Amino acid sequence: MNARGWAGFLGATVVALGLGGGAARASDGIEKGRALAERLCARCHMVPGQAEKRTANEIPGFAAVARRRGQTPEGIVVWLRSVPPMMPNHHLSQDEMYALAAFIMTLGEAGRR
Ligand code: HEC
């Protein structure tokens, strides 16, 4: 292959990896978050019919958390990073916190439709 051929080949490869890889990573994060949530958080936060908390001792459902005004994935990560005393300490890694936040935010979109 001559120099221009290589440049074209490399360029196409970079584009393919860039687009495909990015999309795969985003949905991987959500799937990873879903698996973690089902394993660690579901018994408290994914109870059928669970909504926003109305009294101090209630636990908000994840869909309600996602639909809060101004909620962002970062907001959820900040909460998790603070290791809130009313939740078990799951010793989450940074990656796991972002995956969980991404998954939780998808639940809000589903409810809004
Ligand atoms: C033993 C039950 C329990 C488990 C397990 C649990 N939580 Fe919680 N969580 C709570 C309680 C209780 C609250 C409500 C705290 C409050 O508002 O006083 C809460 C609140 C939250 C909130 C809302 C914070 C806010 O802004 O009000 C988020 C987000 C959250 N939990 C995420 C998670 C994630 C992610 C997991 C799994 C890794 C998890 N929780 C596991 C009990 C639990």
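The values are calculated or read from the model by the stated rules, or taken from the named source; none is laboratory data. Computed from a predicted model, the values in this text were never measured in an experiment. Every residue, glycine as well, gets a Cβ built from its backbone with ideal geometry; the counts of neighbours run over all protein chains shown.
Observations on the model:
- Whenever a residue of segment 48-64 is of a type in the set (A, V, I, L, M), its partners that are near the ligand (Cβ under 7 Å from one of its atoms) and part of a helix (DSSP H, G or I), lying with C-beta atoms within less than 7 angstrom and at least six residues away or across chains, give the pairs ILE59/CYS44; ILE59/HIS45.
- Any helices (runs of 4 or more DSSP H) falling wholly within segment 62-113 and containing at least 2 residues that are over 16 Å from ARG34 (Cβ atoms) and more than 10 Å from the ligand (Cβ to nearest atom): 73-81, 94-112
- Criterion: in contact with a helix residue (DSSP H, G or I) (Cβ under 6 Å, 6 or more places away or on another chain) and either modelled with pLDDT under 95 or closer than 14 Å to ALA102 by Cβ (or both) - qualifying residue of ALA37, ALA16: ALA37
- Residue match in segment 41-48 (condition: loosely packed, with under 12 Cβ neighbours inside 10 Å, of a type in the set (Lys, Arg) and more than 7 Å from the ligand (Cβ to nearest atom)): no
- Residue match in segment 22-31 (condition: within 22 Å of PHE103 (Cβ to Cβ), at pLDDT below 95, out of contact with any Gly (no Cβ under 8 Å at 6 or more places or on another chain) and in a loop (DSSP other than H, G, I, E, B)): no
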